[in-house]
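Below: the structure, in structure tokens.
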Amino acid sequence: MIPDSPPVTRPGSLARQVHDILCEMLLSGQLRPDDRMSMRDLADRLGVSVMPVREAVSRLVASGALEVRPNRAVAVPVLTRAGFQDLTEVRIHNETYAVRLAAERMPVRAMDEMRNLDRRFRDSLVNPDGREAVRANKALHFHIYEAAGSPVLYEVISTMWLKAGPVINLDLGNASRRNRNAASVRNHADLVAAIERRDGGAAATALAADIRSAAEFILSRDALRG
């Protein structure tokens with residue numbers, strides 16, 4: 001199933017635009033584990049030829065965010081429990097380093113936007129379908145990672161999120177997330193407050209708690225292999 005996605009309309013590299021759209025679909029929960037699509041159907045949906053779709057998909061397959069099945073269908077990988085746990089530890093290692101840097105480097109004016117994004121996330125949790133919460137959560141995290149001032153680290157984190165996003169977003173909107181939502185709100189509040197104080201250690205602790213809480217929730221669900 002291919003979810004709704006915007007057609008490619010801007011000037012510039014079509015392959016880059018298709019890549020960016022697919023990345024956003026993976027990060028925002030529009031694509032979920034084991035979702036499948038043909039390159040032709042995706043090209044038709046985006047209003048482009050198959051060539052830029054093939055190029056964009058190839059990049060995402062190389063990074064492990066997508067896979068090509070034997071029948072040539074493009075699919076979102078289904079992680080194993082061990083693979084997800086490994087990915088979680090790598091994320092914690094890189095993302096806690098990023099928030100330590102952000103606590104040192106974030107401009108004061110960017111802190112206002114950080115607070116606004118945290119408020120947007122809290123407000124989004126009243127919506128039961130979870131899609132706005134996914135977008136708001138991503139916006140807050142990446143605003144902070146960008147403030148770390150390391151393009152290489154930002155790229156590494158983005159790649160990890162492309163792999164983790166479809167799994168982490170899988171159960172958003174489920175009624176059983178009530179306690180998880182409360183933990184997310186608390187961890188985000190601790191993270192924002194620590195960055196405002198320029199306390200990198202506390203920021204890293206809050207972020208690690210946020211990632212582990214999400215991972216524990218996913219592992220408690222029947223969403224992973226083996």
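The values are calculated or read from the model by the stated rules, or taken from the named source; none is laboratory data. The shown structure was predicted, so the numbers you read here are calculated from the model rather than taken from an experiment. Here the Cβ is made from the backbone with ideal geometry for all residues, glycine too, and neighbour counts use every protein chain on show. Side chains are part of the model used for accessible areas, which takes the heavy atoms of the whole protein and leaves out ligands, DNA and RNA. Shrake-Rupley method; radii C 1.70, N 1.55, O 1.52, S 1.80 Å.
Worth pointing out:
- For segment 106-119, a residue qualifies if it is farther than 11 Å from VAL192 by Cα and touching a residue at least 60 places away in the same chain (Cβ under 8 Å), and exactly one does: MET106.
- Enumeration of residues in segment 183-226 that are on the phi > 0 side of the Ramachandran plot and either at pLDDT 90 or above or among the acidic types (Asp, Glu) (or both): ARG198
- Given (1) at pLDDT below 95; (2) of a type in the set (D, E, K, R); (3) out of contact with any Lys or Arg (no Cβ under 9 Å at 6 or more places or on another chain), index of the condition ARG100 fails: (1)
- Close Cβ contacts (under 6 Å, 6 or more residues apart or on different chains) running from residues in segment 198-210 that are farther than 17 Å from PHE121 by Cα to residues that are at pLDDT 95 or above and β-branched (Val, Ile, Thr) comprise ALA203/VAL99; ALA203/ILE195; ALA204/THR96; ALA204/VAL99; ALA208/ILE92; ALA208/THR96.
- Subset tally (residues that are crowded, with 20+ Cβ neighbours inside 10 Å and not in a helix (DSSP H, G or I)) for segment 158-170: 1
- Sole exception among (1) assigned to a helix (DSSP H, G or I); (2) open to solvent by less than 50 Å² (accessible area, probe 1.4 Å) for PRO77, by number: (1)
- Of all residue pairs spaced 6 or more apart or on separate chains, those with beta-carbon atoms under 9 Å, a first member in segment 120-135 that is in contact (Cβ under 8 Å) with a residue 24 or more places away in the chain and a second member that is among the hydrophobic types (A, V, I, L, M, F, W, C) and loosely packed, with under 13 Cβ neighbours inside 10 Å are PRO128/ALA175.
- Within segment 89-129, tally of residues that are outside any helix (DSSP H, G or I) and either more than 18 Å from ARG186 (Cα to Cα) or open to solvent by 80 Å² or more (accessible area, probe 1.4 Å) (or both): 6
- Every residue from segment 140-157 that is open to solvent by 30 Å² or more (accessible area, probe 1.4 Å), in a helix (DSSP H, G or I) and small (Gly, Ala, Ser): none
- Residue count for segment 30-70, restricted to those that are open to solvent by 50 Å² or more (accessible area, probe 1.4 Å), in a helix (DSSP H, G or I) and at pLDDT below 90: 1.
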